[in-house]
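Structure first, commentary second.
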Amino acid sequence: MAFLERRRFTFFDVHNNVDGGKIAECLQDTSVSATTNGHNHIIICDVTGMAHIISRSWEILSFKAYELTITLAQQLPHDPYLVTIGDDDPGINPFIKVWDWSRSDRDPTCTRVSRAVPSHLRATPATALAVHNKNLFAVGFQDGSVSLFRGDISRQRSGKMNTLPDSGTSPITGLAFKGADKLFVVSRSATLVYRLGEERCVTLDAMGAAPQCSVLTDRQCFTVAATDAIYCYTAEVRGPCYALAGEKVLINWFRNYLIIVTNEIPTKTAPSTSTTVTKSHHLTILDIQNKFIVFSKTFDGIEAVLTEWGSFYILTKNKEMIFLEEKDLQSKLTLLFKKNLYDVAIRIASSQHYDVEGLMEIYKQYGDHLYSKGDLKSAIEQYVKTIGWLETSYVIRKYLESRHLESLVQYLEELHKKGFATEDHTTLLLTCYVKIDQHDQQGKLKEFINSKDKTIDFDVDVAIKVVRQVSVDDALSLASNHKRHDWYLKIVLEDKKEYKTALDYIADLEFDDADMYMKKYGHKLIQHEPKESTKLLKLLCTDYKPRNKPLVDEDSLSGVHREPDRALPDEYIHMFLNNSEDLIEFLEHMVSCADLKCSSLVYNTLIEHYIHVWAKAEPDDKSQKALKVYNVLKDPEANYDRDQMLIICQMFNFKIGILHLYEEKKLWRATLALHMRSGTPDVALEVCRRRGAACPQLWRDLLHASPPPPPRCLPEPLQVLGQLTHCHTTQYTLHR
């Protein structure tokens, strides 16, 4: 059982005698027997059989409805039809009459008259009436039976009335339709619901209520008032109940409020020698949704509570009409602000759909109030609700002291979760984590770094930057968790100097990332880890796959051809600088790949560094090194620049290379001159023999070489030149 809060407010203003005494003058000495309202009118019936239709301007139309009395009345909310039950003859079943009062120029017309017939057909008073619309209404009787009418109530012979089964024997005290298929029934001993389509009755509770102590709320919840509490029912089960003691006289529903009238304990008003007492009623208005009392006052006897024209009225036993005017929302809030009841103000503003800006202002005021009282934790909970509306600096400035850091962290975390955090907010949050960890060893920073809560949206780059200043390992962990490769490699290389770790990390990346970061950090990696770096570059420039992925993927198994991912080796050559040995290993691997066509830069560089290595080699190794160069130079597939390589060979006096290139370029005279300078005239003479026919000038060059050829080499060139001279002379004579 939920107990209503003890808080009591006065959200209604009382206006006495709003009708100017017209109702009291109309009723005079008679007593009210039934009241109802609807279709912009209030109807009051009395014990003399008169019905009084009252307009909003308090004009009264009275007419004689019954000869004896009216016991029940129900006005249709949207049609000018009034359904009444009363007596024209004593001792027989009461009459049901339907009145059409749509014509203002004449008295209401009775469109239908029928007997209110109970289950046993004996004369029994009708005790409850509920009208759903023009085609459906129900009547409850003192013997516990319920009769249901279906048909057009505006026609005399339309429709029929039948008695519902299983209605019991206890007097019916209340009826209410929930749609056209369910009828709530309350007796003195039980609360039931009829499922009209199924013709089935379900008992909701073995507890009933007095007359006028049940009502169907706007939320389609059936409410019953007992002595100890207010009980709510759905069409299936009993719902929540609210403890409220007192003998209930009647209840009603207005907007979101439940109106409850209870008997006050009689108080003696005469001297002690007299026994005269005055009976009064206490009226309580409950806000069921927010669970507190919004009005409470004692009146001298309440006859009826009427809700019409967007307001509600009290008709007292003295026939005075009292208007209870609800305060506007701003007046309610002002009243609550004066009492610092911001939590209530928020609940009321929310339930009445207060505009967002106004609601944010209440949250701010509530936060300020709690902050001024020193309740910093509760205050931050209110400030959190203003995120997106209230300037964040307003809150942050309040909590910058170290003793307030936990509350500030809560606010900053919510800023990040809701996506309103800036770079400065992230920096401040991480700084707070560091300070908290220093004082309390709570590990807030590590918890943040390793958090799986993806709702916390923060600038990762800023976070890494801040954490790096405090803890390199934590910054590295943060970069790894969020796959910030650039930050990870920067920290590993610059702060931790762990070059092998960086290489291993790059080897796990996808091709594009691996290529990018090797271009960025390759020089440093080759400098410190030449072998491992060279190994990775070989893979990167041939057929790269991330190391952490299987060598055989689904495409390979299904036979789908995949173009290999490979980088351009030309872009990595400059990174080796003076490391000729590893550069040669890298380039040799490139040129050895059958499906890879290397550029001239690759071959030029390979040959050049071969020659560099040859030049520095020991005499015993020179011939082997020279053979390597020569094999590349003579390879017909080698795509190198002949002119450039000739210059390199000449610079290092790599005679084998020079001679090969001279031969390829048909520079035989230069070949001869090189042999002569090298002191090998016999080899020079051999060049003349092989190429002299194509280039006779070689013989003359041999004779005129410096230094000159030895005597043993002169006979042959002189003989050849003599023959060439005789041949030229003979040709000249013949020509003449």
Need one value: the accessible area of V237 in square angstrom, 1.4 angstrom probe, rounded to the nearest 10. 80
Separation in nanometres of the label points that stand 7 Å from Cα toward Cβ, at Q220 and E25: 4.6
Hull surface over four for the Cα convex hull of region 1-143, reported in nm², is 12.4
Nearest-20 debye value, the chain charge dipole, Cβ charges on Lys, Arg, Asp, Glu: 460
Putting +1 on Lys and Arg Cβ atoms and -1 on Asp and Glu Cβ atoms, find which of M516, F420, Q469 reaches farthest to the positive end of the dipole of the chain. M516
Long-range share for region 286-328, i.e. C-alpha pairs more than 11 Å apart as a percent of all pairs, stands at 71
Of the listed pairs K248/K332; K291/K319; K22/K97, which have alpha-carbon separations greater than 30 Å here? K291/K319
On the accessible surface of region 115-261, probed at 1.4 Å with all protein chains in place, carbon and sulfur together account for a percent value of 48
How big is D for region 495-548, in µm² s⁻¹ as a whole number, if Stokes-Einstein is applied with the Kirkwood radius of its Cα pairs at 37 °C and 0.692 mPa s? 301
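Where does each of 631-639, 58-66 land if you order them by average Cβ count within 10 Å, highest first?
Top to bottom by mean Cβ count within 10 Å: 58-66, 631-639.
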What distance in nm lies between label points placed 7 Å from Cα along the C-beta direction at D88 and L68? 1.3
Specify the angular offset, from 0 to 90 degrees and rounded to the nearest 10, of the alpha carbon long axis of helix 530-540 from the longest principal axis of the alpha carbons in the chain. 70
Given (1) 29.4; (2) 30.7; (3) 37.3 as possible values of Kirkwood radius over Cα pairs in Å, the one from the coordinates is (3)
Amide H neighbours of N37 under 5 Å, counting only residues 5+ apart in sequence or on other chains, H built in-plane at 1.01 Å? I43, Q75
Taking the Cα centre of region 165-206 as origin, work out the dipole magnitude from +1 charges on Lys and Arg Cβ and -1 charges on Asp and Glu Cβ, in debye rounded to 20. 120
Taking Lys and Arg as +1 and Asp and Glu as -1, residues besides H41 with C-beta under 15 Å from its C-beta add up to -3
Surface/4 estimate of mean projected area, convex hull on alpha-carbon atoms of region 380-438, nm²: 3.6
Percent relative contact order of the chain, based on C-alpha pairs within less than 8 angstrom and at least six residues apart? 6
With the crude spin-label approximation of a point 7 Å out along Cα→Cβ, what separation in nm comes out for D512 versus K497? 3.6
How large is the charge dipole for region 307-464, taken about the Cα centre, if only the Cβ atoms of Lys, Arg (+1) and Asp, Glu (-1) carry charge, to the nearest 20 debye? 600
Peptides 91-101, 618-628, 337-347, 591-601: what's the order by average Cβ count within 10 Å, highest mean first? 91-101, 337-347, 591-601, 618-628
Kirkwood-based Rg over Rh for region 505-658 (C-alpha set), two decimals? 1.03
Projected onto the charge dipole of region 557-667 (+1 at Lys/Arg Cβ, -1 at Asp/Glu Cβ, origin at the Cα centre), which of G657, C598, A638 gives the Cα projection farthest towards the positive end? G657
With only helices counted (DSSP H, runs n ≥ 4, each -39500 (n - 2.57)), the per-residue ellipticity at 222 nm for the chain, to the nearest 500, works out to -11500 deg cm²/dmol
What are the extents of the Cα atoms of region 277-404 along their three principal axes, in Å, largest first? 67, 33, 20
What's the FRET efficiency of R150 with T111 using the Cβ-Cβ distance as r and R₀ = 25 Å, to the nearest 0.05? 0.90
For R547 and A693, what is the calculated FRET efficiency with R₀ set at 45 Å and r taken between the beta-carbons, to the nearest 0.05? 0.15
Over 19 Å between alpha carbons, listed pairs K524/K597; K497/K545; K538/K597; K597/K634; K435/K490: K524/K597; K497/K545; K435/K490
Over region 128-251, with a single point scatterer placed on each C-alpha, what log10 of the ratio I(q)/I(0) does the Debye formula yield at q = 0.12, 0.16, 0.17 1/Å? -0.41, -0.72, -0.80
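Please report Rg over Rh for region 348-388, where both radii come from the alpha carbon positions and Rh follows the Kirkwood definition.
On the Cα set of region 348-388, Rg over Rh gives 1.02.
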Given the options I230, V117, V395, identify the residue whose Cα lies farthest towards the positive end of the charge dipole of the chain (+1 on Cβ of Lys, Arg; -1 on Cβ of Asp, Glu). V395
Over the Cα atoms of region 195-267, what radius of gyration and what Dmax do you get, in Å? 13.4, 51
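The values are calculated or read from the model by the stated rules, or taken from the named source; none is laboratory data. It should be emphasised that the depicted structure is a prediction, and the values quoted were computed from it without experimental measurement. Note that each Cβ is placed from the backbone with ideal geometry, even for glycine, and that neighbours are counted across all protein chains shown. Just the protein is used for accessible areas: all its heavy atoms, side chains included, with ligands, DNA and RNA removed. Shrake-Rupley method; radii C 1.70, N 1.55, O 1.52, S 1.80 Å.
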